1. Run through the DSSP bridge list for the range 178-303 and note the antiparallel percent, rounded to the nearest 5.
2. Helix hunt in the chain: which complete DSSP H runs extend at least 27 Å axially by C-alpha with mean Kyte-Doolittle at least -1.0?
3. Which whole-number percent is the relative contact order of the chain (Cα, under 8 Å, 6+ apart)?
4. Over the range 129-222, what is the relative contact order in percent, taking alpha-carbon pairs closer than 8 angstrom and at least six residues apart?
5. Run the numbers on the range 18-70 and let me know its relative contact order in percent, using alpha-carbon pairs under 8 Å that are six or more apart.
6. Modelling each spin label as a point 7 Å along the Cα-to-Cβ direction, I'd like the Q330/E402 distance in nm, to one decimal.
7. By how many nm would the segment from T184 to R20 grow when fully extended, if each residue of separation counts as 0.36 nm and the alpha-carbon distance is taken off?
8. In square angstrom, what is the accessible area per residue of the range 444-490 with a 1.4 angstrom probe?
Amino acid sequence: MQRQAVESRAAFQPISVAGRNLVVDVATCQAFELDAIASEALQTLVNMPDQEVVEELCSRSPAMKKATREVEGLMSRGFFQPDKTSSVPPPLPLVARLRELNLALTYRCTLRCRYCYTDSEQELANRQVKPDMSEEVIDVTLKWASEHCAKGAEPLNIWAGAVGEALLRKDILSYLAARAWEYTNATGKTFSPAVYTTNLTLAGDPAAYDCLADTRFKWRVSIDGPKHIHDAMRKFPDGRGSYEIVARSAAQLVQLKPAEKLGAAATITGAHPHITEIFLHLYEMGFRNITLKPVRVNAEEPFAVNRQTLGGVKQGYSDFIEFLLRQDDQDLLEYLKTIWHQDDFFGRFILRVLGHGKMVYRCGAGKWAVGVDTNGDIYPCPPMIGLSQARIGSVFTGISEEAQRLYCEDLLITRKQMCKDCWARYFCGGGCYHAALLINERVDLPEACDCELTRHLIELAVYTAARLREEHPTVLDALTAHHRTSHSHS
């Protein structure tokens with residue numbers, strides 16, 4: 001797929017992908033496909049929006065006159081105008097609308113993945129962090145959450161396995177589910193155990209298998225694709241790769257669990273940016289909910305997505321999109337359904353492009369979503385759990401006012417200096433806080449490679465949306481219905 005570099009504009013951004021010329025209205029997040037004549041008219045009218053200029057354009061040719069009138073019509077409807085989005089943040093505290101709770105039930109793990117961000121047992125001991133979450137901490141966490149989540153239909157989704165291996169705490173998973181339902185009955189607020197994460201290396205244990213088979217729980221399996229990719233990253237402490245054990249257990253699990261109760265998550269690294277190969281492998285294993293996300297590590301790591309490897313990762317995503325769009329309607333629909341959700345790194349952007357929603361924050365981290373570790377310490381999101389510099393409070397004392405100001409006010413996209421001139425700011429929301437902390441040691445300073453990859457994926461999302469509307473409208477209708485149904489059940 002050939003792409004051309006384009007110059008950024010204040011009110012709109014031209015995008016050229018595989019010969020398709022599109023333009024994004026920055027303030028509204030709407031995209032349009034314009035030919036060369038209409039693009040010239042738009043550029044002229046945005047810079048010189050007066051009647052004399054309009055008349056001069058219309059006099060050039062019938063084609064230019066038609067294009068000018070079309071652009072005039074769009075501008076009169078509010079498109080391609082200066083951004084007037086307010087920089088006033090919502091009232092504090094946003095955590096009063098808590099919707100997602102990520103629990104680290106244990107720091108212990110059966111694997112030593114090369115990109116894992118969890119501290120060693122010695123480092124945990126030095127910081128006086130307990131290896132396992134106790135029933136007491138679970139109780140206090142749920143009590144704290146009950147005071148900060150909204151009453152009504154919107155559930156508080158509880159995720160477990162943010163760090164460590166959840167099946168090492170299979171005893172506590174049932175306790176957590178039971179206590180969540182007790183809080184639901186007692187408070188009138190919906191506490192919903194959502195997804196538990198596992199590396200599947202303990203699935204051979206009958207008790208662990210029973211836990212995996214429990215119909216109350218949705219499981220997400222961490223598997224990075226084919227054996228040569230998976231084993232390069234996800235190793236046992238003795239250096240052995242874990243693929244054979246994971247794949248054998250996964251084959252049994254996909255036969256046992258309903259598709260909506262099982263997913264797979266792969267970490268995309270700079271060393272193995274083979275998105276299509278990884279996706280197809282997981283799909284052929286039987287997974288019908290797939291999450292692909294780029295690795296978040298220090299830039300010096302040989303498998304990081306950094307200046308040296310970024311081009312390969314971007315190309316991997318470009319090739320993946322072209323692979324998808326070459327499929328017939330039936331295969332295209334089935335493939336896209338697996339990533340048509342907010343957790344997948346590309347999926348979130350295609351949904352934002354189609355939904356025209358403006359992201360004034362990158363995500364809910366530190367606002368309506370938090371992570372809690374084994375001590376009860378609160379962190380903005382699962383990847384930050386255990387990073388002492390990211391701690392924002394405790395379930396015993398609450399979230400600090402300083403942290404609330406940072407995540408609710410300072411991280412508002414209209415207040416971030418590095419983002420104010422970026423055309424993609426309302427699709428992106430301001431860059432991954434975890435990546436920013438790892439590379440720049442500040443959550444409010446976006447990481448450059450993350451920004452470039454994000455813009456690339458947004459361009460691909462705009463392009464994909466245009467192709468779906470024009471060439472696969474029935475697929476797009478089916479995907480919209482699928483997302484509406486799955487979102488209402490999540």
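The values are calculated or read from the model by the stated rules, or taken from the named source; none is laboratory data. Since the structure is predicted, the reported quantities are computational estimates derived from the model, not experimental observations. Quick reminder, even Gly has a Cβ in these numbers, built from the backbone with ideal geometry, and neighbours come from all protein chains shown. In case anyone asks, the SASA skips ligands and DNA or RNA and just uses the protein heavy atoms, side chains included. Shrake-Rupley method; radii C 1.70, N 1.55, O 1.52, S 1.80 Å.
1. Numbers: 1 of 14 bridges.
That works out to approximately 5 percent antiparallel.
2. On the way: long enough: 448-471 (34 Å, -0.03).
Those that pass (Cα extent of 27 Å or more, hydropathy at least -1.0) are 448-471.
3. Working: 857 pairs, mean separation 80.4, N = 490.
Over the chain, the number comes to 16 percent.
4. Once normalised by length, the contact order is 30 percent.
5. Over the range 18-70, the number comes to 27 percent.
6. 6.1 nm
7. Value of the extension gain: 54.0 nm.
8. Per-residue accessible area for the range 444-490 comes out at 43 Å².
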